[in-house]
Amino acid sequence: MNRQELTNLRSLAIDKQQKYKHKICVCCGASCISSGAEAVLKKMQDEIKARGMDQEVEVIPTGCMGPCNQGPLVKHMPDNTIYQKITEENIAQIIQSQLIDKKPIEDILLFADSREKPFVNANEDPFFKKQLKIALKDCGELNPESIDDYLVHDGYQALSKVLFQQSPEEVIAEIKQSRLRGRGGAGYPTGLKWETVYKHVNDHKYVICNGDEGDPGAFMDRSVLEGNPHRVLEGMTIAGYAVGANKGYAYIRGEYPLAIKRFELAIKQARKLGVLGDHILGTDFNFDVEVRIGAGAFVCGEETALIASIEGKRGTPKPRPPFPAESGLWGKPTLINNVETMASIVPIINLGGEWYSDIGTPKSAGTKVFALAGKINYSGLIEVPMGTTLRQIVYEIGGGIQGDAPFKAAQTGGPSGGCIPAAHLDVRMDYEALVNLGSIMGSGGLIIMDDSSDMVDVARFFMEFCMDESCGKCVPCRVGTKMMHDLLQKICDNKANSNDLQRLEELAIYVKETSLCGLGGSAPNPLLSTLRHFREEYDQRISKPVVNSY
């Protein structure tokens with residue numbers, strides 16, 4: 001397929017979709033599926049067909065719409081009315097009211113039922129109104145299993161643009177201008193990483209998309225892969241063109257079967273269409289992608305451990321330098337970005353690096369996807385401009401704390417992050433501000449806690465996780481996390497003394513500074529941040545000091 005044929009096919013797909021007067025989107029992300037969404041989808045399709053309305057009403061499955069704990073969710077377009085917690089028994093009522101009577105059901109079915117008066121247009125609800133979707137754009141509105149649907153939403157236009165209008169150097173310059181930073185946790189400048197791989201001359205180079213999302217309470221990458229797999233695939237292909245790679249690997253966590261299924265389907269569809277494989281769109285550029293499935297090892301989120309896993313070795317990290325950009329997969333220059341980073345590439349190419357750079361804060365451009373979880377009214381997936389405050393996320397987008405309980409803390413960055421107390425609710429959510437509070441952005445997990453949470457137990461929980469997930473290659477992580485966990489357990493059991501607490505703090509610093517990779521280096525963060533902001537909870541469990549306890 002050449003460029004003109006792609007344009008013609010897109011026009012046909014648009015014409016086909018415009019024949020429908022209504023579009024019913026049924027959220028079929030993993031969360032809604034677990035609540036019965038597939039039965040709701042089938043019932044909606046069957047009912048529409050039985051009423052003879054299938055020529056004017058399109059019914060499609062979509063990815064995550066956002067408020068996951070309100071699923072199954074059904075959206076009517078073009079008026080953006082969202083119904084929540086839908087069962088098969090509600091379908092006839094929705095069809096009658098929404099499509100025939102043209103009067104939305106303004107009762108408990110309309111999102112969001114906790115509002116005094118739910119909005120007919122869900123985009124007016126604070127949950128959606130306060131967001132800016134870039135990486136998540138079109139998730140919840142397109143069929144993730146249809147490449148035609150992706151073409152309607154400007155799919156593969158960015159790839160066509162770079163292949164015919166931009167050199168690899170110009171693509172990299174665009175990404176650098178955007179000031180996009182890696183969304184996997186470290187926040188390294190994406191354009192600089194691309195440029196480094198580009199400059200290393202080699203007969204083979206590789207692109208890896210890291211979808212090994214292992215933080216407790218995190219489901220950002222899973223939802224993007226489920227909801228818009230072609231967006232990630234297109235981003236990977238553009239990255240391959242920019243750095244001079246001809247092969248890509250998507251490393252996806254084995255616990256994400258739906259994401260794997262939809263991404264593998266996207267690869268097959270893209271190959272068939274000619275936007276993946278040999279001579280893409282009739283050019284000399286060749287690029288193909290394969291899926292590699294992770295076995296659930298948290299440490300494989302670290303790039304050198306991930307590379308070892310793809311190579312068929314045990315997933316353990318190795319010292320750097322050399323960095324993967326110089327010597328990565330099979331010793332070749334390798335670009336590694338996570339799912340959210342790859343999903344941000346297409347809009348940057350389409351709208352320009354300057355456009356993206358104007359969003360967010362001076363040092364943290366663009367938007368960030370967060371997985372809201374914990375004691376919050378609306379848990380789920382959100383995307384906000386960098387610099388949005390924690391208070392806005394919790395009380396405006398998230399709808400506040402369950403049962404109107406007092407906010408106590410927010411855990412950001414998962415096991416690698418830290419806890420932010422109520423005194424800092426107005427912190428701007430960007431890389432620098434969170435580090436200043438002893439936490440990190442991480443991949444985007446955001447767990448909200450109320451005043452019933454025990455912060456010592458929170459630290460113990462995350463330490464147990466890191467202890468279990470340690471690959472054991474280096475002593476500081478293998479032994480240090482076990483020792484810290486045991487001391488935290490001792491404190492939780494009210495059997496510790498002040499010398500134990502002192503030893504715990506010393507251990508945290510040693511482990512942080514001497515571990516081989518980021519797992520051990522960040523494992524003490526939850527402990528150190530809770531000690532910093534909630535030390536009184538530790539002191540309450542500590543008995544009188546013991547002299548010469550060593």
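The values are calculated or read from the model by the stated rules, or taken from the named source; none is laboratory data. Quick caveat, the model's predicted, so the values are computed rather than measured. When we count neighbours, we look across all protein chains shown, and the Cβ atoms used for this are built from the backbone with ideal geometry, even at glycine.
Output yes when any residue across the stretch 228-240 is without any contact (Cβ under 8 Å) to a residue 40 or more places away in the chain, out of contact with any strand residue (DSSP E or B) (no Cβ under 8 Å at 6 or more places or on another chain) and not acidic (Asp, Glu), and no when none is. Don't jump to the end; show me each part of the working.
Going through the stretch 228-240, the residues without any contact (Cβ under 8 Å) to a residue 40 or more places away in the chain turn out to be none.
No: zero hits.
Given Thr341, Thr367, Thr304, Thr334, which one is buried (at least 20 other Cβ atoms within 10 Å of the Cβ), at negative phi, polar (S, T, N, Q) and not assigned by TED's automatic domain parsing to the domain that holds Ala186? Don't jump to the end; show me each part of the working.
On the way: Thr341 fails: not assigned by TED's automatic domain parsing to the domain that holds Ala186; Thr304 fails: not assigned by TED's automatic domain parsing to the domain that holds Ala186; Thr334 fails: not assigned by TED's automatic domain parsing to the domain that holds Ala186.
The match here is Thr367.
Could you tell me how many of the residues in the stretch 223-264 are surrounded by 24 or more Cβ atoms within 10 Å (Cβ to Cβ), within 14 Å of Pro144 (Cα to Cα) and out of contact with any Asp or Glu (no Cβ under 6 Å at 6 or more places or on another chain)?
So the count comes out to 12.
Only one of (1) farther than 25 Å from Leu381 by Cβ; (2) part of a loop (DSSP other than H, G, I, E, B); (3) modelled with pLDDT under 95 fails for Ala112. Which number is that?
(1)
From the set of residues in the stretch 301-317 that are under 14 Å from Gly520 (Cβ atoms) and assigned to a helix (DSSP H, G or I), which is nearest to the chain's Cα centre (by Cα)? Explain how you work it out, then say what you get.
Taking the stretch 301-317 as the starting set, the residues that turn out to be under 14 Å from Gly520 (Cβ atoms) are 301-302, 304-305, 316-317.
Retained after the next criterion (residues that are assigned to a helix (DSSP H, G or I)): 301, 304-305.
Numbers: Gly301: 13, Thr304: 21, Ala305: 20 Å.
Result: Gly301.
Looking at this structure, is Lys103 assigned to a loop (DSSP other than H, G, I, E, B), free of Cβ contacts under 8 Å to residues at least 24 places away in the same chain and over 30 Å from Ile401 (Cβ atoms)?
yes
Considering each of Ile48, Ile100, Ile24 in turn, give the residue that is buried (at least 20 other Cβ atoms within 10 Å of the Cβ) and either more than 21 Å from Asp148 (Cα to Cα) or touching a Ser or Thr at 6+ places or on another chain (Cβ under 6 Å) (or both).
Numbers: Ile100 fails: buried (at least 20 other Cβ atoms within 10 Å of the Cβ); Ile24 fails: either more than 21 Å from Asp148 (Cα to Cα) or touching a Ser or Thr at 6+ places or on another chain (Cβ under 6 Å) (or both).
Within the list Ile48, Ile100, Ile24, the selection yields Ile48.
Conditions tested, residue by residue: (1) surrounded by 24 or more Cβ atoms within 10 Å (Cβ to Cβ); (2) part of a loop (DSSP other than H, G, I, E, B).
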position: Cys419; (1), (2): yes, no
position: Ile440; (1), (2): no, yes
position: Ser443; (1), (2): yes, yes
position: Leu446; (1), (2): yes, no
position: Met449; (1), (2): no, no
position: Ala459; (1), (2): yes, no
position: Cys477; (1), (2): yes, no
position: Gly480; (1), (2): yes, no
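Please work out which one of (1) touching a residue at least 60 places away in the same chain (Cβ under 8 Å); (2) more than 20 Å from the chain's Cα centre (by Cα) is the condition His153 fails and give its number.
Among (1) touching a residue at least 60 places away in the same chain (Cβ under 8 Å); (2) more than 20 Å from the chain's Cα centre (by Cα), the lone unmet condition for His153 is (1).
Is there any pair linking a residue in the stretch 198-215 that is in a loop (DSSP other than H, G, I, E, B) to one that is of a type in the set (Val, Ile, Thr), with Cβ under 8 Å and at least six apart or on different chains, and which?
Lys205/Val197; Lys205/Val243; Lys205/Thr334; Asp212/Ile252; Glu213/Val339
Would you point out which residue out of Leu372, Leu335, Leu381 is among the aliphatic types (A, V, I, L, M), assigned to a strand (DSSP E or B), over 27 Å from Asp426 (Cα atoms) and out of contact with any Pro (no Cβ under 6 Å at 6 or more places or on another chain)?
Numbers: Leu372 fails: over 27 Å from Asp426 (Cα atoms); Leu381 fails: over 27 Å from Asp426 (Cα atoms).
After applying the criteria, what remains is Leu335.
Looking at the stretch 421-467, which of the residues that are among the β-branched types (Val, Ile, Thr) and within 17 Å of Lys512 (Cβ to Cβ) is nearest to the chain's Cα centre (by Cα)? Before you say what the answer is, go through the steps one by one.
Of the stretch 421-467, the ones among the β-branched types (Val, Ile, Thr) are 427, 435, 440, 447-448, 456, 458.
If we keep only those that are within 17 Å of Lys512 (Cβ to Cβ) too, we end up with 435, 440.
Values: Val435: 20, Ile440: 15 Å.
Top of the filtered list is Ile440.
Might you let me know whether the stretch 343-363 holds any residue that is assigned to a strand (DSSP E or B), within 17 Å of the chain's Cα centre (by Cα) and over 25 Å from Asp125 (Cα atoms)? Full working, then the answer.
Going through the stretch 343-363, the residues assigned to a strand (DSSP E or B) turn out to be 360.
Those still in the list that are within 17 Å of the chain's Cα centre (by Cα) too: none.
No, the stretch 343-363 contains no residue that is assigned to a strand (DSSP E or B), within 17 Å of the chain's Cα centre (by Cα) and over 25 Å from Asp125 (Cα atoms).
How many residues are free of Cβ contacts under 8 Å to residues at least 40 places away in the same chain and either assigned to a helix (DSSP H, G or I) or among the charged types (D, E, K, R) (or both) if we restrict to the stretch 13-36?
Of the residues in the stretch 13-36, 5 are free of Cβ contacts under 8 Å to residues at least 40 places away in the same chain and either assigned to a helix (DSSP H, G or I) or among the charged types (D, E, K, R) (or both).
Which ones in the stretch 265-289 are surrounded by fewer than 19 Cβ atoms within 10 Å (Cβ to Cβ) and over 15 Å from Tyr150 (Cα atoms)?
Gly277, Asp278, His279, Gly282, Thr283, Asp284, Phe285, Asn286, Asp288
Taking the condition more than 16 Å from Ala523 (Cβ to Cβ), assigned to a loop (DSSP other than H, G, I, E, B) and among the charged types (D, E, K, R), does Lys490 pass?
Details: more than 16 Å from Ala523 (Cβ to Cβ): yes; assigned to a loop (DSSP other than H, G, I, E, B): no; among the charged types (D, E, K, R): yes.
No; evaluated as a whole, the condition is false for this residue.
Suppose we filter Glu89, Glu56 for residues that are without any contact (Cβ under 8 Å) to a residue 40 or more places away in the chain, of a type outside the set (A, V, I, L, M) and touching a strand residue (DSSP E or B) at 6+ places or on another chain (Cβ under 8 Å); which single one remains?
On the way: Glu89 fails: touching a strand residue (DSSP E or B) at 6+ places or on another chain (Cβ under 8 Å).
On inspection, the qualifying residue turns out to be Glu56.
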